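The values are calculated or read from the model by the stated rules, or taken from the named source; none is laboratory data. All of these numbers come straight from a predicted model, not from anything done at the bench. Reconstructed Cβ throughout: ideal geometry from the backbone, glycine too, with neighbour counts over all protein chains shown. What goes into the accessible areas is simple: the full protein's heavy atoms, side chains included, and nothing from ligands, DNA or RNA. Shrake-Rupley method; radii C 1.70, N 1.55, O 1.52, S 1.80 Å.
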Amino acid sequence: MITRRNLLLAGTAGVAGVAATVGVAGLARRGSDRPHPQSAQSAKEPMTISYGGDESQVADLYLPEGDGKVPVAVVIHGGFWMSSYGRELATPLAEDLARQGIAGYAIEYRRIGNGGGWPATFEDVAAAIDKLADQPRLDLSKVVAVGHSAGGHLAVWAAGRSGLPQWAPGATPRVVLVGAVSQAGVLDLVNAYDEKVGGDAVPAFLGTTPARDLKRYQLASPYERLPLKVPVALVHGTRDGQVPIEQSRRYRDAAVAKGAQVKLTELEHVGHFELIDPDAKAWQTCRTETMRLLEP
């Protein structure tokens, strides 16, 4: 079982260390064996939705009990865009959101090592989100994205899809997000490349360097897509050993300078993985920000 101590150990061991320290399955199990407040709703078994022919082009939709229209949170897992990590990291969060009356939509996508990278990962995230338009119970006027680490990058990128050139991957969305929550997201890909955040993960993901193809970085990096038309909430631990908190601070400062709506919550003494532990206060902060963005 994953514990707060193991999460902190994983935070110092690196992304690969989380699998070695507690196991990906340990992270995934947290959402199914823990008590929940009596006031929370129950979550139904998920509906698995296919949005393409690849085995990674699937998503699990967790709907709250009842028949009325519900808002949606698209939950995007991290793992530096690598195929070693999958949507089992997002599942406990999607389940928890469903218990609060929000449809949790844990998406999978092609990643580095199984056909992902530029442009496939971006096309997959866009297609998964647009597939929500086929679900009658969802209130498509209230859809946000919540993403951790590399998933935070994809969540904020997805929130800016309507501003992409028509020829760019993910442009012309069917479902337009009303906001995004970045949980220690990799938001400035040029800076992440320069600082070797995740080692060589960024050039491996985009298939090039900023010097060789700056335009690709400008299309892919949330920092370069500012200002967004929708609000963004940033949550980052001050002891994050995987994604430096400067990633969120840089995005916040640039967003404020360009008049965008942004809020940064810095969590003292918190590392990287507490943000996806559904029992941790760090996740509760992320959930609160998600609900705030879904308010009328």
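What is the gain in length, in nm to one decimal, between Asp194 and Arg292 on full extension, counting 0.36 nm per residue of separation less the C-alpha to C-alpha distance?
Length gained, Asp194 through Arg292: 31.9 nm.
From the P(r) of the stretch 213-267, could you give the percentage of C-alpha pairs in the tail past 14 Å?
Every Cα pair in the stretch 213-267 considered, those over 14 Å come to 55 percent.
Within a Cβ distance under 12 Å of Asp194, other residues only, what is the Lys/Arg minus Asp/Glu net charge?
-1
Skipping prolines and chain starts, which residues have an amide H placed within reach, meaning under 5 Å, of the one on Met82, given they are 5 or more residues away or on another chain?
Amide H neighbours of Met82, under 5 Å, 5+ apart: Ile112.
Rank these by accessible area, largest first, 1.4 Å probe: Leu177, Leu264.
Leu264, Leu177
Just how large is the dipole of the chain about the Cα centre, in debye to the nearest 20, putting +1 at every Lys and Arg Cβ and -1 at every Asp and Glu Cβ?
Result for the chain is approximately 460 debye, rounded to the nearest 20.
Could you tell me the distance between the Cα centroids of the stretch 66-93 and the stretch 160-190, to the nearest Å?
Taking the Cα centre of each part, the stretch 66-93 and the stretch 160-190 sit 16 Å apart.
Under the rule of at least 5 residues apart or a separate chain, name every residue whose amide H is placed under 5 Å from the amide H of Ile76.
Amide H neighbours of Ile76, under 5 Å, 5+ apart: Val146, Gly147, His148.
Suppose the chain between Lys281 and Lys258 were pulled fully straight at 0.36 nm per residue; how much longer would it get relative to their current alpha carbon spacing?
In short, 5.2 nm is gained.
Using amide H atoms built in the peptide plane, which far-off residues or other-chain residues are under 5 Å from Gly179 H to H?
Here Ala145 satisfy the definition.
Residue separation times 0.36 nm, minus the C-alpha to C-alpha distance between Lys215 and Ser50: what's the value? It would help to have the intermediate numbers written out before the result.
Working: separation 165, 0.36 × 165 = 59.40 nm, distance 3.11 nm.
Between Lys215 and Ser50, full extension yields 56.3 nm more.
Using a probe radius of 1.4 Å on heavy atoms only, what accessible surface per residue do you get for the chain? Whole Å² is fine.
40
Once every Cα of the stretch 169-296 carries one equal point scatterer and solvent is ignored, give the base-10 log of I(q)/I(0) from the Debye formula at q = 0.15 Å⁻¹, two decimals.
Those come out to -0.75, one per q.
Once Rh for the stretch 109-212 is found with the Kirkwood sum over Cα pairs, what is the Stokes-Einstein diffusion coefficient at 10 °C and 1.306 mPa s, in µm²/s? Don't skip to the end; give the middle numbers.
Values: Rh = 14.4 Å.
Answer from the Stokes-Einstein relation: 111 µm²/s.
Restricting to DSSP H runs of at least four residues, report the calculated mean residue ellipticity at 222 nm for the chain, -39500 (n - 2.57) per run over all residues, nearest 500 deg cm²/dmol. Show your work: numbers first, answer last.
Numbers: 11 runs with 97 residues, N = 296.
So the calculated ellipticity at 222 nm is -9000 deg cm²/dmol.
Going from most exposed to least, what order do Ser248, Ser83 have by accessible area with a 1.4 Å probe?
These residues rank, largest area first, as Ser83, Ser248.
Just how much of Val178 is accessible, in Å², when a 1.4 Å probe is used and the result is rounded to the nearest 10?
The value for Val178 is about 40 Å².
Carbon and sulfur atoms: what percent of the 1.4 Å accessible area of the stretch 92-177 do they account for?
Result for the stretch 92-177: 47 percent of the exposed heavy-atom area is carbon or sulfur.
Greater than 22 Å separation of Cα atoms is the criterion. Which listed pairs, Lys258/Lys281; Lys142/Lys263; Lys142/Lys258; Lys229/Lys281, meet it? Mind showing how you got there, number by number?
On the way: Lys258/Lys281 31 Å; Lys142/Lys263 19 Å; Lys142/Lys258 25 Å; Lys229/Lys281 29 Å.
Correct reply: Lys258/Lys281; Lys142/Lys258; Lys229/Lys281.
Hey, what's the Cα Rg ratio for the chain versus the globular rule of thumb, 2.2 N^0.38 Å? Don't jump to the answer; show the numbers that get you there.
On the way: Rg = 17.3 Å, N = 296, 2.2 N^0.38 = 19.1 Å.
In units of the 2.2 N^0.38 Å rule of thumb, it is 0.90.
Counting only protein heavy atoms and a 1.4 Å probe, tell me what percentage of the stretch 213-290's accessible area is made up of carbon and sulfur.
45
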